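Peer 1: Mind having a look at this structure? Questions to follow.
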Amino acid sequence: MNHKDNQGAQRTKAALQQAFLQLASEKTLQKITVSELVTASGVSRGTFYTHYRDVFDLAEKMGDNLISQLETEMEHALATCTDPTSFPMIDDALRFVAAHETEACLFLVKQIEPTFSAKADSLIRRSIVAAIAERFGTLEEADTQLASAYIAAGILGIIRRWISEGCKQDAAKLSHAIGILAVQGVTGLTAREG
């Protein structure tokens, strides 16, 4: 495939994805049809099937792409962190979510694609396990898994709430609060207030 063909394919996918985001903001994934997508995007039905098996495949590939982009951001943040008391991937994750608010709302809050939340949880857990090892050294495997599950669930819950509220709270302040909660729990927040 030459460069011109690749650019055309990228434009086609972008048009389909934009149409998908619009339709997904109005109805559930199960109610979105290929006919609606191709009409809204201006792409032919045959071209749609060149790139995707069905609407569910489009949604899954969009979610996987978001996870991949977020993973790159979080890995970079962890690799370049110089402050052993911070969790910089949280700050980068929040900035990423704010920059992709529509997609984040559809995939994390409305959960239009059923596998996305599990993939996001897995990514956050892996990042937390790496951060725990970096910050606190080696823990027992069971303790590491317990801590990563607990912290990941909390982070995802906070991010979902933040998205639901329109990402209005300052990302840096929220990231700091999440870091305190992750390391010190509620007592860390009360000490910060006092």
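Peer 1: Between residue 54 and residues 5 or more places away or on another chain, which pairs have amide H atoms under 5 Å apart, with H built 1.01 Å from N, and which residues are they?
Peer 2: Here the answer is none, since no amide H 5 or more places off falls under 5 Å of that of residue 54.
Peer 1: Also: For the chain, please report how many Lys pairs fall under 21 Å Cα to Cα, leaving out neighbours fewer than 8 apart on the same chain.
Peer 2: The number of close lysine pairs in the chain is 12.
Peer 1: Also, I was wondering about something else. If you average the C-alpha positions of segment 127-183 and of segment 1-56 separately, how far apart do those two centres end up, in angstrom?
Peer 2: 34 Å
Peer 1: Taking all pairs of different Cα atoms in the chain, averaging 1/r and flipping that mean, what Kirkwood radius in angstroms comes out?
Peer 2: The answer is 18.3 Å.
Peer 1: Accessible area per residue for the chain in Å², computed with a 1.4 Å probe and the full protein assembly in place, what is it?
Peer 2: The answer is 55 Å² per residue.
Peer 1: Rounded to the nearest 500, what is the 222 nm mean residue ellipticity of the chain from helices alone, with -39500 (n - 2.57) per DSSP H run of 4+ residues and division by all residues?
Peer 2: -24500 deg cm²/dmol
Peer 1: With the contact rule set at Cα under 8 Å and sequence spacing of 6 or more, what percent relative contact order holds for the chain? Spell out each step's value before the answer.
Peer 2: Numbers: 146 pairs, mean separation 36.7, N = 194.
Relative contact order of the chain: 19 percent.
Peer 1: Tell me the Rg and the Dmax, in Å, that the Cα atoms of segment 106-194 produce.
Peer 2: Rg then Dmax for segment 106-194, in Å: 14.1, 42.
Peer 1: Further question: How charged is the neighbourhood of residue 104? Take every other residue with its Cβ under 15 Å from the Cβ of residue 104, and add Lys/Arg as +1 and Asp/Glu as -1.
Peer 2: Its environment carries a net charge of -3.
Peer 1: A follow-up question, please. Please work out the FRET efficiency for the pair residue 61 and residue 165, using the Cβ-Cβ distance as r and a Förster radius of 30 Å; give the result to the nearest 0.05.
Peer 2: Between residue 61 and residue 165 the formula returns 0.60.
Peer 1: Scan the chain and note any complete DSSP helix (H) whose C-alpha atoms cover at least 30 Å along its axis and whose Kyte-Doolittle average is 0.5 or more.
Peer 2: Both cut-offs are met by 141-164.
Peer 1: A further question on this structure: How high is the FRET efficiency between residue 117 and residue 21 when r is their beta carbon distance and R₀ equals 25 Å, given to the nearest 0.05?
Peer 2: 0.90
Peer 1: OK, next. Please report the carbon-and-sulfur percent of the accessible area for the chain; probe 1.4 Å, protein heavy atoms only, DNA, RNA and ligands left out.
Peer 2: 54 percent
The values are calculated or read from the model by the stated rules, or taken from the named source; none is laboratory data. Nothing here was measured: the structure is a model prediction, and the numbers come from that model. Cβ: placed from backbone, ideal geometry, glycine included. Neighbour counts: every protein chain shown. Side chains are part of the model used for accessible areas, which takes the heavy atoms of the whole protein and leaves out ligands, DNA and RNA. Shrake-Rupley method; radii C 1.70, N 1.55, O 1.52, S 1.80 Å.
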